[in-house]
Amino acid sequence: MIISIVLAPFSCLNPLLEKMTSSWAFFAQGLTTIVLLCVNHRVAVASEYTRPGPGRIVLTKHMKPNSYPQQVHVSSVGADHMRVSYITNDSSIPSKVQYGKVSGKYNAVANGDSSHYTYFLYTSGKIHNVKIGPLEPDTVYYYRCGGVGDEFSFKTAPASLPIEFAVVGDLGQTEWTVSTLAHIGKSDYDMLLLPGDLSYADSQQPLWDSFGRLIQPYASSRPWMVTEGNHEVEALTALDMVPFIAYNHRWRMPYEESKSTSNLYYSFNVAGAVHVIMLGSYTEYGPDSAQYKWLVSDLAKVDRSVTPWLIVLLHAPWYNTNTAHQGEGEKMRKAMEALLYRAHVDIVFAGHVHAYERFTRIHNNAADSCGPVYITIGDGGNREGLALHFNPSHKSASLSVFREASFGHGRLKIIDGKKAHWSWHRNNDSDATVADELWLVSLSSSSPCQDGTKAKDEL
Ligand SMILES: [Fe+2]
């Protein structure tokens with residue numbers, strides 16, 4: 001059952017009061033979230049701009065028995081394993097996934113672990129993580145979680161190119177989100193990449209549960225690989241609530257496999273030819289930081305003759321001509337841009353700004369044929385609305401190739417070791433209409449970049 005509620009995004013109390021009268025789950029956290037919501041809005045308003053009118057949030061309830069797994073999502077772990085994550089309100093349900101290639105016939109089983117967290121008066125359900133495999137590439141598997149409830153299915157990523165990614169940031173859980181997800185689901189893809197800001201729970205923990213249920217049809221059927229945004233922080237040190245507590249429990253990514261010590265940044269290979277690096281905009285990134293040192297080490301391991309494509313995702317954009325969130329990615333850019341340039345990263349995806357913007361290849365604020373293409377894709381459809389205003393006089397305006405304040409998502413289809421096709425699909429249309437597209441050539445196949453002479457000259 002889905003309940004739609006009209007929200008006034010800049011009113012501190014009204015959204016909560018409406019939710020409390022519409023859902024018992026929010027009533028349970030009532031007084032707690034009044035305080036937290038007021039704090040969050042006070043912080044947000046200080047750096048906000050004028051956004052369009054009310055957004056409509058979509059709440060998704062669990063209508064099945066407590067024992068039934070919910071909020072099921074999967075993520076790739078290594079070349080041939082998948083992590084199945086799910087939540088149960090019944091703590092007696094085991095962390096166990098049965099799976100097989102025929103519906104209803106499970107010839108394999110794997111056991112995992114579970115955790116839960118508390119956030120002021122809220123206690124999460126039992127959060128299960130089960131790693132299954134080895135699995136065959138490009139193959140549909142049917143699975144059941146905890147030995148009870150519905151059967152799900154997913155398709156594993158291909159072992160070699162081509163591969164198609166869906167890319168979307170700042171998703172939230174509004175009617176715009178529903179539209180974006182519907183467009184994503186209209187055509188097949190292999191993996192979803194999300195550069196931060198998932199649920200927009202903003203300390204209202206039941207909204208994490210609602211988000212998990214909303215995306216389940218999509219996230220249970222294709223691997224969703226995510227990194228964190230500012231809306232995942234949810235830190236309240238005065239109340240002893242550490243940053244990222246909900247995100248880290250609910251969205252465990254394969255960081256150990258890439259020798260990262262934090263769920264907030266990691267990398268992985270997919271399709272045998274693509275190395276994807278997920279960076280954290282809201283954890284330390286300076287030269288002395290663990291993330292910086294890990295990035296240096298991770299990039300050093302990338303053999304472009306084996307993985308010709310190198311893609312980076314982060315949340316706060318390094319290049320941005322929108323009036324929203326100006327300069328918020330600048331410190332991180334100054335700290336890490338040279339690393340990405342020397343490694344010949346092909347594309348940097350960001351979110352945070354609720355619009356779409358594509359830049360040319362850039363290094364250090366100038367067009368550079370050996371730099372990454374920068375793309376902001378923070379237009380998934382959250383309750384804060386769109387970032388409507390681009391500054392035509394911005395110092396980066398001449399580098400900005402395409403920009404539009406509309407909700408939508410992107411597709412990156414990597415054809416082979418040299419060619420890839422990028423497209424941006426706007427939600428405004430009843431069909432997923434391509435509003436921007438581009439053919440890309442991997443920098444690993446560009447002689448002037450590959451031999452390093454150009455990069456060294458310009459650093
Ligand atoms: Fe953000």
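Is there a residue in region 171-187 that is in contact with a Lys or Arg (Cβ under 6 Å, 6 or more places away or on another chain) and surrounded by 22 or more Cβ atoms within 10 Å (Cβ to Cβ)?
Yes, because at least one residue in region 171-187 is in contact with a Lys or Arg (Cβ under 6 Å, 6 or more places away or on another chain) and surrounded by 22 or more Cβ atoms within 10 Å (Cβ to Cβ).
I'd like the full set of residues that are part of a loop (DSSP other than H, G, I, E, B), away from the ligand (no atom under 16 Å from the Cβ) and under 30 Å from R342 (Cα atoms), limited to region 366-390.
Scanning region 366-390 gives D368, S369, C370, G371, P372.
Go through region 373-417 residue by residue and tally those that are within 14 Å of I347 (Cβ to Cβ) and either free of Cβ contacts under 8 Å to residues at least 12 places away in the same chain or of a type in the set (K, R) (or both).
2
Does K131 meet the test of being closer than 15 Å to V77 by Cα and surrounded by 15 or more Cβ atoms within 10 Å (Cβ to Cβ)?
yes
Tell me which residues, restricted to region 338-354, are surrounded by fewer than 23 Cβ atoms within 10 Å (Cβ to Cβ) and either over 21 Å from L412 (Cβ atoms) or within 15 Å of the ligand (Cβ to nearest atom) (or both).
A338, L339, R342, listed by residue number.
Which residue, of N263, N320, is farther than 27 Å from A157 by Cβ and either assigned to a loop (DSSP other than H, G, I, E, B) or in the same structural domain as I87 (by TED's automatic domain parsing) (or both)?
Of N263, N320, the one residue that is farther than 27 Å from A157 by Cβ and either assigned to a loop (DSSP other than H, G, I, E, B) or in the same structural domain as I87 (by TED's automatic domain parsing) (or both) is N320.
Got at least one residue in region 128-145 being modelled with pLDDT under 95 and of a type outside the set (F, W, Y)?
Taking every residue of region 128-145 in turn, none turns out to be modelled with pLDDT under 95 and of a type outside the set (F, W, Y).
Looking at (1) within 16 Å of the ligand (Cβ to nearest atom); (2) over 21 Å from the mean Cα position of the chain (by Cα); (3) crowded, with 17+ Cβ neighbours inside 10 Å, which one does T321 not meet, given that it meets all the others?
(1)
Against the definition (within 16 Å of the ligand (Cβ to nearest atom) and in the same structural domain as L314 (by TED's automatic domain parsing)), how does L399 come out, yes or no?
Here the answer is no, as L399 does not meet what is asked.
So which residues in region 244-253 are in contact with a strand residue (DSSP E or B) (Cβ under 7 Å, 6 or more places away or on another chain) and surrounded by 21 or more Cβ atoms within 10 Å (Cβ to Cβ)?
A246, R250, W251, M253
Scan D188, D170, D240 and give me the residue that is touching a Pro at 6+ places or on another chain (Cβ under 9 Å), assigned by TED's automatic domain parsing to the domain that holds G410 and charged (D, E, K, R).
On inspection, the qualifying residue turns out to be D170.
Scan region 300-317 for residues that are surrounded by 15 or more Cβ atoms within 10 Å (Cβ to Cβ) and assigned to a loop (DSSP other than H, G, I, E, B) and jot them down.
V302, R304, T307, P308, L314, H315, A316, P317
Quick check on region 89-106. Is at least one of its residues crowded, with 18+ Cβ neighbours inside 10 Å, of a type in the set (S, T, N, Q) and not assigned by TED's automatic domain parsing to the domain that holds Q204?
Yes, some residue in region 89-106 is crowded, with 18+ Cβ neighbours inside 10 Å, of a type in the set (S, T, N, Q) and not assigned by TED's automatic domain parsing to the domain that holds Q204.
The values are calculated or read from the model by the stated rules, or taken from the named source; none is laboratory data. Source: prediction; values computed, not measured. Neighbour counts are summed over all protein chains in view; Cβ atoms, including those assigned to glycine, are modelled from backbone coordinates with ideal geometry.
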